[in-house]
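Participant: Got a structure for you, written out below as structure tokens; questions coming shortly.
The values are calculated or read from the model by the stated rules, or taken from the named source; none is laboratory data. Please read these numbers as outputs of a predicted model, since none were measured by experiment. Positions of Cβ are generated from backbone atoms using ideal geometry, with glycine treated the same way; all protein chains shown enter the neighbour counts. Areas reflect the complete protein model, heavy atoms only, side chains present, ligands, DNA and RNA absent. Shrake-Rupley method; radii C 1.70, N 1.55, O 1.52, S 1.80 Å.
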Amino acid sequence: MYIVIAEEKQIKTIVDMSVRAFETDVTVGGAKDDCPPEYDSVEWHKHMAREGHLYQAMIGKDIVGAAVIFSDETKNSVYIGRIFIDSVYHRKGYGSLLMECIEKNYPFATEFNLDTPIWNVRTNNFYVKLGYQIIKEEDGFVFYRKTRK
């Protein structure tokens, strides 16, 4: 797997994947409206792509998911705002591969931060499995950090 800045012509495909991925959250404790803000918005994803924050996750020539990433080299940190794998590719290890790609893509980073809803057992277990540590719980979210030297 590798990641590249999302191409404008792929935004609709990425949004369709986002919808399929996040709508599966109802199977892990979420309500129908518990999806992230703008998860289904073509305009929001276009804006993230133009700003250089939206990456498409690729296996060969196929897009299997995406990530919204904010990096700050002055603080040696990366905030992973969102990741998702198309639901047709769930349970195949692609989420772990995507996180590995993100971490490798930012060699300057000494810390990676993210958050996820408390109710989402799937994502909370996933981040812990990848070595992320809880730094706080607030307003219905768990905040995680992974550090490296």
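Participant: Taking loop as defined by DSSP and a crowding limit of 11 other beta carbons within 10 Å, which trypsin sites (Lys or Arg not before Pro) in the range 20-124 fit?
Facilitator: Passing both the DSSP loop test and the Cβ count: Lys32, Lys61, Arg91.
Participant: Could you tell me how many cubic angstrom of Cα convex hull volume the range 86-131 has per residue?
Facilitator: So the per-residue Cα hull volume is 87 Å³.
Participant: Sticking with this one: Whenever you get a sec, compute what percent of the accessible area on the chain sits on carbon and sulfur atoms (1.4 Å probe).
Facilitator: Answer for the chain is 51 percent, counting heavy atoms of protein chains only.
Participant: Can you list, bin by bin at 5 Å, the percent of alpha carbon pairs in the chain, starting at 0?
Facilitator: Pairs per bin, as whole percents: 2, 10, 19, 23, 23, 16, 6, 1, 0.
Participant: Now a separate question. Please calculate how many Å² of accessible area the chain carries per residue, with a 1.4 Å probe and no DNA, RNA or ligand atoms counted.
Facilitator: Roughly 55 Å² per residue, with all protein chains present.
Participant: If I model a spin label at Met58 and Lys9 as a point 7 Å from the Cα along the Cα→Cβ vector, what separation in nanometres do I get?
Facilitator: 1.3 nm
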